[in-house]
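The values are calculated or read from the model by the stated rules, or taken from the named source; none is laboratory data. Being a predicted model, the structure only gives us computed values, none of them experimental. Note: ideal-geometry Cβ built from the backbone for every residue, glycine included; neighbour counts use all protein chains shown. These accessible areas exclude ligands, DNA and RNA; they are computed on the full protein's heavy atoms, side chains included. Shrake-Rupley method; radii C 1.70, N 1.55, O 1.52, S 1.80 Å.
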Amino acid sequence: MSYLRLKLHKLFHWEYWPMEAIYYPIFPVWLYYAIKARSFFFFSAANPSIKNGGMAMESKKEIYDIIPPQYIPKTVLINKGASLEEAMKSVVQAGIHFPMIAKPDIGLKAFAVDKINHEGELKGYLDKIADNFLVQEFVDYPKEVGIFYVRKPDAEKGVITGIVSKEFLSVIGDGQHSIKDLIKQTPRSHFQLKILMRRYGATLDRVLAKGEQFVLVPYGSHTRGAKFIDKSHLKNQQLLDTIDTICKQIPDFYFGRLDILYSSFDALAAGKDFSVIEVNGAGSEPTHIYDPKHSLFFAWREITRHWRLMYEISAINNRKGHRYLSYRDGRAMMRANKELEEHLKLI
């Protein structure tokens, strides 16, 4: 696929635009709520049990520690500077086996998230990451969904405000072309080519049999090429009861998105055969907006709707004594998050 065609595809598909281009036009809405709250960083009170409300720079391990263990994968924290022997000892003690998932303890946008298949790859991950990271059991459910959950602090029940299905980035063989050639056939995968070449190397030269599927990224990250499909119409009372049961067991959690691997939607709704792989707080996007069928105007409407809900929750919690982040601390958080993103992009 030509360079020009890729550039034009990005230009005419807003889901690939820089975050600034998507969010700056609606900044006055954020400013309106900030003025009402008398704090630009009012979001920090949305989820009082999570650092910064879950907007940025929060520890994933600290979040996993407040989630009942039956809902999440086995997870262990590996401290920076650990040797391969020390990491393997922690992994074995946690009952985690290959393959496994490694990801930064403080991360964003699925940067530096890798599937680790053997000790050699774990050694490579240790060599390239300079921070604390998590090793997590690989959950072998075939589907992933993001469910956005909101509950007012004094409300008995919450609501589901959006559901997004995530199609993992993959290619289907034709018996003639290499994996690399197949990647280049569509913009969604071609945009990921540099990262995939670094990850798979010579494997991309392999020719797949006709109909053979090769999953390039085994998790549903939009920044790593997953296709997001809006499934909000599937929400029902049974699913809400299941999600409500989970979220009400997480202390002071009122606003955010649960990323869940599952076997079938009916089983998930019934509370069976699923695993919550991430709980995201105030920094969560209503990711159903990234369905290619949705316009930018739809996205703006959904983002601002969720900002309103986050403000209302934060204001209630603030009246209960949960303080907003100070301007000084909020600015420091934003600078640290920007530096972290630039660092993780290079891993």
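Laid out as a table, the results:
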item	result
Unique residue being touching a residue at least 40 places away in the same chain (Cβ under 8 Å), exposed (fewer than 14 other Cβ atoms within 10 Å of the Cβ) and of a type in the set (Lys, Arg) when the list is 157, 166, 194	157
Residues that are basic (Lys, Arg) and at pLDDT 95 or above, drawn from the range 89-114	89, 103
Selection from the range 132-146 of residues that are acidic (Asp, Glu) and open to solvent by less than 20 Å² (accessible area, probe 1.4 Å)	144
Residues that are assigned to a loop (DSSP other than H, G, I, E, B), open to solvent by less than 40 Å² (accessible area, probe 1.4 Å) and of a type in the set (A, V, I, L, M, F, W, C), drawn from the range 90-108	94, 96, 108
Hits in the range 197-217 - residues which are within 25 Å of the chain's Cα centre (by Cα), open to solvent by 70 Å² or more (accessible area, probe 1.4 Å) and modelled with pLDDT of 95 or more	197, 213
Unique match (being touching a residue at least 40 places away in the same chain (Cβ under 8 Å), within 19 Å of residue 251 (Cα to Cα) and out of contact with any strand residue (DSSP E or B) (no Cβ under 6 Å at 6 or more places or on another chain)) among 55, 1	55
Members of the range 109-131 found to be part of a strand (DSSP E or B), open to solvent by less than 50 Å² (accessible area, probe 1.4 Å) and in contact (Cβ under 8 Å) with a residue 40 or more places away in the chain, listed by number	114
Selection from the range 1-24 of residues that are farther than 19 Å from residue 284 by Cα and open to solvent by 50 Å² or more (accessible area, probe 1.4 Å)	1, 2, 3, 4, 5, 7, 8, 10, 11, 12, 13
Any hit, the range 273-280, residues being on the phi > 0 side of the Ramachandran plot, open to solvent by 30 Å² or more (accessible area, probe 1.4 Å) and modelled with pLDDT of 95 or more	yes
Selection within the range 29-50 - assigned to a loop (DSSP other than H, G, I, E, B) and of a type outside the set (A, V, I, L, M)	38, 39, 40, 41, 47, 48, 49
Restricting the range 25-63 to residues that are surrounded by fewer than 17 Cβ atoms within 10 Å (Cβ to Cβ) and of a type in the set (D, E, K, R), the residue that is nearest to the chain's Cα centre (by Cα)	61
Count of the range 253-272 residues which are open to solvent by less than 60 Å² (accessible area, probe 1.4 Å) and either part of a loop (DSSP other than H, G, I, E, B) or not aliphatic (A, V, I, L, M) (or both)	12
Test set (1) more than 18 Å from residue 39 (Cβ to Cβ); (2) among the aliphatic types (A, V, I, L, M); (3) open to solvent by 80 Å² or more (accessible area, probe 1.4 Å) - residue 340 fails condition number	(3)
Single condition residue 171 does not satisfy, out of (1) under 29 Å from residue 235 (Cα atoms); (2) open to solvent by less than 60 Å² (accessible area, probe 1.4 Å)	(1)
Long-range neighbours under 8 Å by Cβ, at least six apart or interchain, first residue more than 20 Å from residue 49 (Cα to Cα) within the range 319-347, second part of a helix (DSSP H, G or I) and of a type in the set (D, E, K, R)	347/128
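Let's see how each residue does on (1) open to solvent by less than 10 Å² (accessible area, probe 1.4 Å); (2) out of contact with any Phe, Trp or Tyr (no Cβ under 9 Å at 6 or more places or on another chain):
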{"site": "237", "(1), (2)": "no, yes"}
{"site": "282", "(1), (2)": "yes, no"}
{"site": "288", "(1), (2)": "yes, no"}
{"site": "302", "(1), (2)": "no, yes"}
{"site": "307", "(1), (2)": "no, no"}
{"site": "328", "(1), (2)": "no, yes"}
